[in-house]
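For reference, the structure is listed below as structure tokens.
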2 protein chains.
Amino acid sequence: MSVIRNIWNSRSKKNGNFFSEIQKIIGFKPKSIEIYQRAFTHKSLHKKDKEGHTVSYERLEFLGDAMLSAVIAAHLFKEVPHGDEGYLTKMRAKIVSRKHLNQLGEDLNLVQFVKTTIATPQFGANIHGNLFEAIIGAIYLDKGYTTCEKFIYKKVIHPYVNIDLLEGRVISYKSLLIEWCQKNKKKFHYEIYEDTGKDEQRHFAVKLHLNGKVIAKARATSKKKAEEKASKRAYFANQDKIDTRE
Amino acid sequence: MSVIRNIWNSRSKKNGNFFSEIQKIIGFKPKSIEIYQRAFTHKSLHKKDKEGHTVSYERLEFLGDAMLSAVIAAHLFKEVPHGDEGYLTKMRAKIVSRKHLNQLGEDLNLVQFVKTTIATPQFGANIHGNLFEAIIGAIYLDKGYTTCEKFIYKKVIHPYVNIDLLEGRVISYKSLLIEWCQKNKKKFHYEIYEDTGKDEQRHFAVKLHLNGKVIAKARATSKKKAEEKASKRAYFANQDKIDTRE
């Protein structure tokens, strides 16, 4: 038990105020902070509620997954009027893929809040996606469908769901950016240099210049990947301006 | 085209006022009747909207399926606090099984509204469940999540989702009824007689008497099935009174 308490305490200190950290992520004041604590409680703690039921984020994951599927379905229904049932199902599967959910959870660094007796590096990549689903479930439980829907629009749909990309009309963010620059007579270039970090693997870093100004940076294991990553970042940071659908 | 028009007209006459029929089923005034018309438009009509997109109920089915899954997930999350993620997933699968959805659609006789060039008897049993999902999608689109949730509670959860039965704590509705009668000192008996209908298969009909009054009737291919069916009907008609969970 002391192990658990130590982990809990050390994490509490490390994370500062859980309430305000969560508020920053979800974008509103939690009504019941207990629900969000549950969203980060790993089953390894063997925590029980008053009725003796196991408390862990897995049940919230189930709830969050269902809400995410519903909100994405409704969005695709409206945005892809030409797609039949099978096509919409496939598009949704792309958006809520394990890989994508893991990326979303990782971007929010949700793993920092996990309460567990297991060292977090031992978790696989899926922990990120699972926590992301759990926090969606927590929001639904705390505030209902509309707030949950807003969160999904803010964190998933607006930044990541681009119908053109999903439908393969845009092959890459780099090509999207080039097309936009040509159309709008902007000068751009990718500045690439070998990254001499501490990693064993060789990395490349890239700065994306637009009209002489660095608008995005990225780092990856190949030049091509780094360029794509930088273009993607530039795209999302300037989504209102860069858009080829006119 | 004349074939289509004929089918449409003959159905319109047969169905009377579509608006008021739909209102009866959904329990409120439709805001946009067009959405509900779409929920009964079969792809065989090759109907297109102004933008040239195919109009059929299949896309609404996709939307309704997602909403149904979300509402059932939220209900189970609250009602089954002891169930883990896997258990909740299994329970939901039972509730939204093809067989169950077909039964729900059939009970509402949704197939009467279908607009198609195919004779309805040629549809398989799944048409009932598909239309049921489509009408859920239509309600979501017409009135939003909360109304959609209310409809699902009224038509699926309240009448059919019994956690005790789903968890196997109640083996049958007959045993549930017997238990309740014994506890509440009620006299009951099943009156069974061979049904000499027009069917090729032999049928049994049953009347369920409670304190000398017939409270339910049913008909099936075996005595046992007919008794169970009558008990189920009696249970749902008197759900507020008959409940062994105390």
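The values are calculated or read from the model by the stated rules, or taken from the named source; none is laboratory data. The structure presented is a predicted model; accordingly, all values stated were derived computationally and were not measured. Heads up, the Cβs are rebuilt from the backbone with ideal geometry, glycines too, and the neighbour counts pull from every protein chain shown. These accessible areas exclude ligands, DNA and RNA; they are computed on the full protein's heavy atoms, side chains included. Shrake-Rupley method; radii C 1.70, N 1.55, O 1.52, S 1.80 Å.
Could you work out the relative contact order of region A:44-120? I mean the mean sequence separation of Cα pairs under 8 Å and 6+ apart, divided by the number of residues, in percent.
33
In degrees, nearest 10, range 0 to 90: what is the angle between the Cα axis of helix B:173-183 and the longest Cα principal axis of chain B?
40
Angle, helix B:98-107 long axis vs. longest principal axis of chain B, Cα atoms, 0 to 90°, nearest 10?
Taking Cα atoms only, the helix is inclined about 80 degrees.
Is it possible to state the helix-based mean residue ellipticity at 222 nm for chain B, with each DSSP H run of 4+ residues giving -39500 (n - 2.57), the sum divided by total residues, to the nearest 500 deg cm²/dmol? What is it?
After summing the helix terms and dividing by residue count, I get -16000 deg cm²/dmol.
Work out the mean other chain Cβ neighbour count within 10 Å for the residues of B:81-91 and drop it here as an integer.
Averaged over the peptide's residues, the number is 4.
Taking H as built 1.01 Å from N, whose amide H comes closer than 5 Å to the amide H of residue B:195, not counting residues under 5 places away?
It is B:203, B:204, B:205, by chain and number.
If you build the Cα gyration tensor of chain A and take the root of 5 times each eigenvalue, what three semi-axes come out, in whole angstrom, biggest first?
The equivalent ellipsoid of chain A has semi-axes of 36, 24, 15 Å.
If you stretched the chain out fully between residue B:219 and residue B:119, how much longer would it get, using 0.36 nm times the residue separation minus the C-alpha to C-alpha distance? Present the calculation step by step, with values, prior to reporting the outcome.
Working: separation 100, 0.36 × 100 = 36.00 nm, distance 2.75 nm.
My answer for the length gained is 33.2 nm.
Just to make sure I understand: if all protein chains stay in place, what is the order of A:53, B:189, B:75, A:46 by accessible area at 1.4 Å, largest first?
Ranked list, largest accessible area first: A:46, B:189, A:53, B:75.
Distance in nm between label sites at residue B:146 and residue B:109, each 7 Å beyond Cα in the beta-carbon direction?
3.3
Taking only Cα atoms, what is the 0 to 90° angle, nearest 10, from helix B:126-143's long axis to the longest principal axis of chain B?
That works out to roughly 70 degrees.
Region A:63-95 to region B:204-222: how many Å between their Cα centroids?
One Cα centre to the other: 46 Å.
Which of the GluC sites (Glu not before Pro) found in region A:41-72 are in a DSSP loop and have at most 15 neighbouring Cβ atoms, other than their own, within 10 Å?
A:51
Straight-line reach from residue A:207: which aspartates and glutamates have Cα under 16 Å away, leaving out those fewer than 8 places along the same chain?
Within the straight-line cut-off, residue A:207 pairs with A:191, A:194, A:195, A:227, A:228.
Which value, in debye to the nearest 20, describes the size of the charge dipole of region B:2-166 about its Cα centre when Lys and Arg Cβ atoms bear +1, Asp and Glu Cβ atoms bear -1, and nothing else is charged?
Approximately 680 debye in magnitude.
Could you tell me what percent of the accessible area of the protein assembly as shown is made up of carbon and sulfur, with a 1.4 Å probe and every protein chain present?
50
Sequence-distant or interchain residues sharing an amide H contact under 5 Å with residue B:188, placed H: which?
Residues meeting the criterion, in which the H sits 1.01 Å from N, are B:211.
Fully extended, how many nm does the chain gain between residue A:192 and residue A:29 (0.36 nm per residue separation, minus their Cα-Cα distance)?
Length gained between residue A:192 and residue A:29: 54.4 nm.
Compare the peptides B:153-162, B:36-45, A:24-33 by average per-residue count of other Cβ atoms within 10 angstrom and give them in order, highest first.
Highest-to-lowest ranking by the protection proxy: B:36-45, B:153-162, A:24-33.
Using modelled backbone amide H atoms (1.01 Å from N, in-plane), which distant-in-sequence or interchain residues come within less than 5 Å of residue B:47's amide H?
Hits under the 5 Å cutoff: B:55.
Rounded to the nearest 0.05, what FRET efficiency do residue A:18 and residue B:98 give with R0 = 30 Å and r taken as the Cβ-Cβ distance? Could you check?
For residue A:18 and residue B:98, the calculated efficiency is 0.10.
Please list, by residue number, every one of the trypsin sites (Lys or Arg not before Pro) in region A:89-147 that is coil in DSSP and has at most 13 other beta-carbon atoms within 10 Å.
Here no loop site has a sparse enough neighbourhood.
Among A:137, A:20, A:161, whose Cα projects farthest towards the positive end of the dipole of chain A, with charges put on the beta-carbon of Lys, Arg (+1) and Asp, Glu (-1)?
Checked the options; the winner is A:20.
Per residue of A:60-69, how many C-beta atoms from partner chains lie within 10 Å of its own C-beta, taken as a mean?
If you average over the peptide's residues, the count of other-chain Cβ atoms is 6.
Over both sides of the B-A contact, add up the buried accessible area with a 1.4 Å probe and give it to the nearest 100 Å².
Buried surface at the B/A interface: approximately 2700 Å².
Residue-wise, which Karplus ³J(HN,Hα) couplings in Hz belong to region B:64-80, taking 6.51 cos²θ - 1.76 cosθ + 1.60, θ = phi - 60°, and x for glycine or proline?
Values per residue, Gly and Pro as x: x, 4, 5, 5, 4, 4, 5, 5, 5, 4, 5, 5, 5, 3, 6, 7, 10 Hz.
Can you check what the Kirkwood hydrodynamic radius comes to for the protein assembly as shown, Cα pairs only, in Å to one decimal?
26.6
Would you mind getting the accessible area per residue of the protein assembly as shown, heavy atoms of the protein chains only, 1.4 Å probe, in Å²?
Spelled out: the 1.4 Å probe surface of the protein assembly as shown, per residue, equals 53 Å².
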